[in-house]
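One structure below.
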Amino acid sequence: MTAVDRVLTTHVGSLIRPEDLIPYFRKIEAGESYDEPAFERRLGEAVEQVVKKQVETGVDVVSDGEFGKSGSWSRYILGRISGFERSNEPSVPPMAGKDHRDFKEFYEEYESQYGYTGIGKGIQAGTWIVKGAIHYTGKTKIERDIQNFKKALAKTKTVDGFLPVVTPSAAVIAARDEHYKNEGERLQAFAGVMREEYQAIHQAGLLVQVDDAYIPGKYDVMCPPAPLEDYRKWVAGRVEAINAALSGIPEDRVRFHICWGSWNGPHTNDVPLRDIVDLIFKVRAKYYSIEMANPRHEHEWRVFEEVKLPQDKVLMPGVISHCTNVVEHPELVAERLLRLAHLVGRERVMGSTDCGFAQSPFARRVHPTIMWAKLAALVKGAELATRTLWGNRQSASAA
Amino acid sequence: VKSSKDRILTTHAGRLPIPASCQDLPIRLHRGDAVDQDTIDSAIGDVVRRQLDVGIDCVGDGEFWKARNVAYYGAHLSGIEVRPIRQGEVTTTRNSTGERQEFAGFYKDMDSMGTLFFVPGEKPMPPDRDRMVATGPIKAKGTAAIDREIKAFKSGIERAGGKVEEAFFCVIAPGWLDHFIFNEYYKSDEEFVFALADALNAEYKAVVDAGLILQIDDPGIVDWWDMVKPAMRVEDYRKQIASVRIEAVNAALKGIPEDRVRYHLCWGSWHGPHTHDLPLKEIVDLLLQIKAQGYSFEAANVRHEHEWRVWQEVKLPDEKLLIPGVISHATNVVEHPELVADRIIRFGEIVGREKVVAATDCGLGTRVHTEIAWAKLAALVAGAKLASQRLWK
């Protein structure tokens, strides 16, 4: 992407799958056979449709909706690596921390209705065990996703396209390890594996977006009792692994997404952005996607009153929340963009969402009609902000 | 209505979670079952106690013990009956909005789940098959019914045991009763609304005479915008719908001192897209004609948060107060106290710190999970404290 003359828009990546794709994923998750050619055909079409719809809505930097992924935004990787075996022993919920303890009844009701962390019911239960060395076996799948996306992009005009992928630190976090000596070694192995996937995306000319909800989310699990410093040390190790996996890819082709977990829960023990922002910017990326639209993190735009955004970096603040059915007013979207642009510069803010709308094929953070209305509000709000920031002239399209 | 003399005071819009001791109350009230008064008084006591513990300054009864059905309104007003709905009729005008047409798929899901709020663990009410209709002259049936309610609230306050500085009691405005009590008697809707206003006057007086702050609940003032058929231009809506309802509310307030009244409007508390909501700026001048001192309105949810700027353009009359929502019932995420403080401060900087009382957008009870409702009220109090430190530094 070259210099911009308006506030561009994007989102975090996952979009709600079309109804007719979901039965295939149910079968894939259950390990049952399904009509593979029919699925592949329909998947290609669906990606084409969702790219077209994003463009029609006015989104500038688009994704494939993560339609090709089974499992979830992080566990999809299990279908693309070797070394793991599934056992039926119940898994320890990796994200249940203080918030789960403080709002026990709420979480019981919420997760019994919407599945663990609200990402839908039907994701394979059990524990994953590392039985041998981890290798990347997902070439066919990532190539298929790339091809589906590129074909769709070729049929329309966009500013750019990105494919979301999981970070080494967030891939299969609940696993039990019977192979690697320690967590550090496993993390290193994951970095090597993920690197292959990132390279494939980059070499195809697409932006790589690395997703990590566990870095911010781990705080709620660790602290208390652990002090903030222990947690920061833990984060620093993860950042190193992410950078190892990203090696060789120019920063300006990388987006980094963090969030505090996309479930519509209280989030009262989320780590403040201020406490990790320095570590986050150590990830070798140009674009940073950070939640700033939900009421637990909306005030954190002020972090940039004190923290200088490193040179050449661009913020993709969430100005649309997936945690409410109410559709953001474009004036609010504009206000959220403007206050940040005034702090870091108008070219360094891209309007985005807090998180994806469907972290698994079975997740649905809001109804699809509301999702699209929210993306339309995002585009409208970015136009309003552009008018304020660049004056009233007709803005030419960028890139 | 107490103003924020030396710190930001807090309150909320009325409805609070049902206490654990009477979880089955809604369904019993819905069926019109008799409910033991002591159970209610003691539950109100629990809810008042909890508000005091959290640090809410102007407390309410929680409203969880009132049903909006014929058993309730029939005790207050004459001329009301219930009859089965006919082909093509709705039980409330909420079910015939423009938004429903635009987001048909979303509302279909909502209807099949039997929810307006998507609260995990909620027990949906059975769908209504009846509608309330006015079939004769609407008259107040004395004040026995409202007196009983006031007595229950006061008894609850007593049981709570703490010092209550100020307490408010909600009664629905005439211009909102007619979205679920349908006129089948009066020649015009206007006549009907004014008849409701006349009947309500005695109730409003009873609340104020009891020493309570009267809160008039009037979502109708903005909600009719998306319900009126056929759709209107803003000018016509202001004239034909809003002004009439404001006149009616003022008629209902006849003889009541303005400084004992706060007025609550909202765009409907259901968890929907709200893309058809009438902007506040289109109606704010009319609202200021209402004979109330305080104005409680939504300013925390994402459709109305930006409207704090309306007050940059509109001068708030000297004697009036704002009670903006700085906590939303439309998300499970608990507001960060810093966000609450930011929201309060921007109002304080425009209209003056002493003229802002911090509140919720709408009632929290049954709109979010009980645990979350109370955490949100705690965030409200924490945020008001931060704002006070900054506004009175």
statement: Only one of (1) in contact with a Cys (Cβ under 9 Å, 6 or more places away or on another chain); (2) without any contact (Cβ under 8 Å) to a residue 24 or more places away in the chain does not apply to B:Arg15, and that is (2)
Filtered residues of the range A:51-80 (kept if surrounded by fewer than 22 Cβ atoms within 10 Å (Cβ to Cβ), among the aliphatic types (A, V, I, L, M) and at pLDDT 95 or above): A:Val55
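Taking A:Val327 as the residue in question, decide whether it is at the interface with chain B (Cβ under 10 Å from one of its Cβ atoms) and not charged (D, E, K, R).
Values: at the interface with chain B (Cβ under 10 Å from one of its Cβ atoms): yes; not charged (D, E, K, R): yes.
The answer is yes for A:Val327.
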message: Conditions first: (1) part of a helix (DSSP H, G or I); (2) open to solvent by less than 40 Å² (accessible area, probe 1.4 Å); (3) hydroxyl-bearing (Ser, Thr, Tyr); (4) at negative phi. A:Thr117 passes all but one, so which condition is the exception?
response: (4)
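How about the range B:181-233: which of its residues are of a type in the set (Lys, Arg) and either in contact with an Asp or Glu (Cβ under 7 Å, 6 or more places away or on another chain) or crowded, with 18+ Cβ neighbours inside 10 Å (or both)?
Here is the first cut: in the range B:181-233, the ones of a type in the set (Lys, Arg) are B:187, B:205, B:229, B:233.
Selection gives B:Lys205 alone.
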- line: Scanning the range A:219-275 for residues that are within 14 Å of chain B (Cβ to nearest Cβ) and hydrophobic (A, V, I, L, M, F, W, C), the one nearest to A:Gln311 (Cα to Cα) turns out to be A:Leu273
query: When A:Val344 is evaluated against the numbered criteria (1) in contact with a strand residue (DSSP E or B) (Cβ under 7 Å, 6 or more places away or on another chain); (2) crowded, with 21+ Cβ neighbours inside 10 Å; (3) aliphatic (A, V, I, L, M), which criterion, by number, is the only one it fails?
result: (2)
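Within the range B:269-287, track down each residue that is hydrophobic (A, V, I, L, M, F, W, C), within 14 Å of chain A (Cβ to nearest Cβ) and in a loop (DSSP other than H, G, I, E, B).
Taking the range B:269-287 as the starting set, the residues that turn out to be hydrophobic (A, V, I, L, M, F, W, C) are B:270, B:278, B:280, B:283-284, B:286-287.
Cutting the leftovers down to within 14 Å of chain A (Cβ to nearest Cβ) gives us B:270, B:278, B:280.
Matches in the range B:269-287: B:Trp270, B:Leu278.
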message: Which residue is farthest from the other protein chains (Cβ to nearest Cβ), if the candidates are limited to the range B:85-101 and must be surrounded by 15 or more Cβ atoms within 10 Å (Cβ to Cβ) and assigned to a helix (DSSP H, G or I)?
response: B:Thr93
field: In the range A:96-120, the residues that are away from chain B (no Cβ under 11 Å), of a type outside the set (Gly, Ala, Ser) and farther than 18 Å from A:Cys323 by Cα
entry: A:Lys98, A:Arg101
- prompt: Got at least one residue in the range A:348-361 being in contact with a Cys (Cβ under 7 Å, 6 or more places away or on another chain) and either more than 8 Å from every other protein chain (Cβ to nearest Cβ) or under 30 Å from A:His100 (Cα atoms) (or both)?
  reply: yes
- line: Filtering the range A:362-392 down to residues that are away from every other protein chain (no Cβ under 14 Å), buried (at least 23 other Cβ atoms within 10 Å of the Cβ) and more than 12 Å from A:Gly118 (Cβ to Cβ) yields A:Ala382, A:Thr386
task: Go through A:Ser74, A:Ser87, A:Ser82, A:Ser33 for me and flag whichever is polar (S, T, N, Q) and either free of Cβ contacts under 8 Å to residues at least 24 places away in the same chain or within 30 Å of A:Glu383 (Cα to Cα) (or both).
output: A:Ser33
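List the strands (runs of 3 or more DSSP E) that sit entirely inside the range B:288-393 and contain at least 1 residues that are at the interface with chain A (Cβ under 9 Å from one of its Cβ atoms), closer than 30 Å to A:Thr117 by Cβ and not aromatic (Phe, Trp, Tyr). If you could, list the steps in order and put the result at the bottom.
On the way: elements: B:294-297, B:321-327, B:357-360.
Once the strands (runs of 3 or more DSSP E) in the range B:288-393 are filtered for at least 1 residues that are at the interface with chain A (Cβ under 9 Å from one of its Cβ atoms), closer than 30 Å to A:Thr117 by Cβ and not aromatic (Phe, Trp, Tyr), what remains is B:321-327.
Any residue at all in the range A:90-110 that is more than 30 Å from B:Trp374 (Cβ to Cβ) and open to solvent by less than 30 Å² (accessible area, probe 1.4 Å)?
Step one: of the range A:90-110, the residues more than 30 Å from B:Trp374 (Cβ to Cβ) are A:90-91.
Checking which are open to solvent by less than 30 Å² (accessible area, probe 1.4 Å) leaves us with none.
No, the range A:90-110 has no match at all.
Sort out for me the helices (runs of 4 or more DSSP H) sitting completely within the range A:203-289 that have 3 or more residues that are among the acidic types (Asp, Glu) and surrounded by fewer than 21 Cβ atoms within 10 Å (Cβ to Cβ).
On the way: elements: A:214-222, A:228-246, A:277-280.
Where helices (runs of 4 or more DSSP H) fall fully within the range A:203-289 and carry at least 3 residues being among the acidic types (Asp, Glu) and surrounded by fewer than 21 Cβ atoms within 10 Å (Cβ to Cβ), they are A:228-246.
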Residues that are open to solvent by 10 Å² or more (accessible area, probe 1.4 Å) and either without any contact (Cβ under 8 Å) to a residue 40 or more places away in the chain or touching a Ser or Thr at 6+ places or on another chain (Cβ under 9 Å) (or both), drawn from the range A:173-190: A:Ile173, A:Ala174, A:Ala175, A:Arg176, A:Lys181, A:Asn182, A:Glu183, A:Glu185, A:Leu187
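What are the residues in the range A:121-151 that are part of a loop (DSSP other than H, G, I, E, B), away from chain B (no Cβ under 14 Å) and open to solvent by 10 Å² or more (accessible area, probe 1.4 Å), if any?
We begin by selecting, within the range A:121-151, every residue part of a loop (DSSP other than H, G, I, E, B); these are A:121-126, A:137-138.
Keeping just the survivors that are away from chain B (no Cβ under 14 Å) gives A:122-126, A:137-138.
The answer is A:Gly122, A:Ile123, A:Gln124, A:Ala125, A:Thr137.
Could you please give the count of residues in the range B:142-180 that are part of a loop (DSSP other than H, G, I, E, B) and either buried (at least 21 other Cβ atoms within 10 Å of the Cβ) or under 23 Å from the mean Cα position of the chain (by Cα) (or both)? Write out each step before concluding.
Let us first name the residues in the range B:142-180 that are part of a loop (DSSP other than H, G, I, E, B), namely B:142-143, B:161-165, B:173, B:178-180.
The next check asks that each one be either buried (at least 21 other Cβ atoms within 10 Å of the Cβ) or under 23 Å from the mean Cα position of the chain (by Cα) (or both); those that pass are B:143, B:164-165, B:173, B:178-180.
Of the residues in that region, 7 qualify.
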message: Take the residues in the range A:295-324 that are in a strand (DSSP E or B) and surrounded by fewer than 24 Cβ atoms within 10 Å (Cβ to Cβ); name whichever of them is nearest to the other protein chains (Cβ to nearest Cβ).
response: A:Leu315
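Before we move on, is B:Val249 modelled with pLDDT of 95 or more, within 11 Å of chain A (Cβ to nearest Cβ) and either open to solvent by less than 10 Å² (accessible area, probe 1.4 Å) or within 19 Å of the chain's Cα centre (by Cα) (or both)?
Working: modelled with pLDDT of 95 or more: yes; within 11 Å of chain A (Cβ to nearest Cβ): no; either open to solvent by less than 10 Å² (accessible area, probe 1.4 Å) or within 19 Å of the chain's Cα centre (by Cα) (or both): yes.
For B:Val249, the condition - modelled with pLDDT of 95 or more, within 11 Å of chain A (Cβ to nearest Cβ) and either open to solvent by less than 10 Å² (accessible area, probe 1.4 Å) or within 19 Å of the chain's Cα centre (by Cα) (or both) - is not met.
The values are calculated or read from the model by the stated rules, or taken from the named source; none is laboratory data. If you're wondering where the values come from, they're calculated on a predicted model, not measured in any experiment. Positions of Cβ are generated from backbone atoms using ideal geometry, with glycine treated the same way; all protein chains shown enter the neighbour counts. The accessibility values were calculated without ligands, DNA or RNA, using every heavy atom of the protein model including side chains. Shrake-Rupley method; radii C 1.70, N 1.55, O 1.52, S 1.80 Å.
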